[in-house]
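Just below is one structure, and these are the notes that go with it.
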Amino acid sequence: MPKARVLVFAGSLRTDSYNKKLAHVCAKAVEAGGGEATFLDLRDLALPVFDEDLETSQGQPAGNLKLKALMKSHDGFFISTPEYNSSIPGILKNTIDWASREVPDEKPLECFIGKVGALVSASPGALGGIRSLTVVRTILSHLQVLMIPEQLAVSKAHEAFNPDGTLKDARRQQTIESIAKRLVTTIEKLKA
Ligand code: FNR
């Protein structure tokens, strides 16, 4: 059977983003769990703020075509997101909004329906960004992504990583591996 293909990205553009670090940990865990991970830096898409007038006059930006092709060629998503003002960062919502736009020869919500999603968050704060996870979970569920129930919120993210990007806390590492394994096996069962 072909490997489960998982697109891994963070809801942050920042170069030194804790969530990008955590996303890399997630990508390694997917590979360790028998899947194939592709890391996507949302900054590389250079998506404009969604504006229906812009879409009408100029069509889909190149970054959205790239994003949509990546989402369609993967079986699931592993997203690590910050929390902004107790909710989802604008960049992540903007990315989801662009991906939800239908292009010719595409089924409605083709980037989402039938995919499997897993979520983690990281924040320097005490709650680890957990409130953002509830919001992202709701949005992706409405878009008919099958969401893995387990999740992890990494609090005090500024103290959470070793210089090589690995997590200091073995229990957190185990939880990420367990989420990744559940994601990979769920995809495998759906494909079987
Ligand atoms: C934040 N931050 C934040 N943190 C948190 O735990 N709860 C919150 O509601 C917010 N709100 C918030 C709003 C805005 C506009 C910014 C810029 C930041 C802090 C945030 O967790 C911190 O900047 C993280 O480092 C962002 O994640 P990355 O970029 O490191 O992945």
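The values are calculated or read from the model by the stated rules, or taken from the named source; none is laboratory data. For clarity, every value in this text was computed on a predicted model and none was experimentally measured. No Cβ is skipped: glycine too gets one built from the backbone with ideal geometry, and neighbour counts run over all protein chains shown. Just the protein is used for accessible areas: all its heavy atoms, side chains included, with ligands, DNA and RNA removed. Shrake-Rupley method; radii C 1.70, N 1.55, O 1.52, S 1.80 Å.
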Eligible lysines near Lys168 by straight Cα distance, threshold 25 Å, same-chain separation 8 or greater: Lys20, Lys21, Lys28, Lys156, Lys181
With all protein chains present, segment 68-192 has a carbon and sulfur share of its accessible area (1.4 Å probe) in percent of 53 percent
For segment 142-148, take each phi angle, set θ = phi - 60°, evaluate the Karplus expression 6.51 cos²θ - 1.76 cosθ + 1.60, and give the result in whole Hz per residue in order, putting x for glycine and proline. 5, 8, 6, 8, 7, 9, 5
In the Gaussian network model of the chain, springs joining C-alpha atoms below 10 Å, which of Gly59, Gly125, Gly114 carries the largest mean-square fluctuation? Gly59
Compute the length gained on full extension between Lys191 and Ala170: take 0.36 nm times their separation in residues and subtract their Cα-Cα distance, giving the result in nm to one decimal. 4.4 nm
Could you work out how far apart the two model spin labels at Lys66 and Leu13 are, taking each label as a point 7 Å from the Cα in the direction of the beta carbon, and quote it in nm? 1.4 nm
For the chain, take the longest principal axis of its alpha carbons; what is the angle in degrees between that and the long axis of helix 90-99, to the nearest 10 within 0 to 90? 50 degrees
Rounded accessible area per residue of segment 5-191, 1.4 Å, Å²: 47 Å²
Which of rounded, prolate or oblate describes segment 59-119 when judged by the alpha-carbon gyration tensor and an a/c cut-off of 1.5? oblate
Length-normalised contact order for segment 5-191 - Cα pairs under 8 Å, 6+ apart - percent: 25 percent
Name the shape class, rounded, prolate or oblate, that the alpha-carbon gyration tensor gives for the chain, where a ≥ b ≥ c are the square roots of its eigenvalues, rounded holds for a/c under 1.5, and otherwise prolate holds if a/b is larger than b/c and oblate otherwise. oblate
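Report the trypsin sites (Lys or Arg not before Pro) located in segment 1-110 that are in a DSSP loop and have at most 13 other Cβ atoms inside 10 Å of their Cβ, or state none.
For trypsin sites (Lys or Arg not before Pro) across segment 1-110 that sit outside H, G, I, E and B with at most 13 neighbouring Cβ atoms in 10 Å, the list reads Arg14.
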Net charge around Gly76, counting only other residues with Cβ within less than 10 Å of its Cβ (Lys, Arg = +1; Asp, Glu = -1)? +1
Measure nothing fancy, just the Cα-based angle from helix 170-191's long axis to the longest principal axis of the chain, in degrees from 0 to 90, nearest 10. 40 degrees
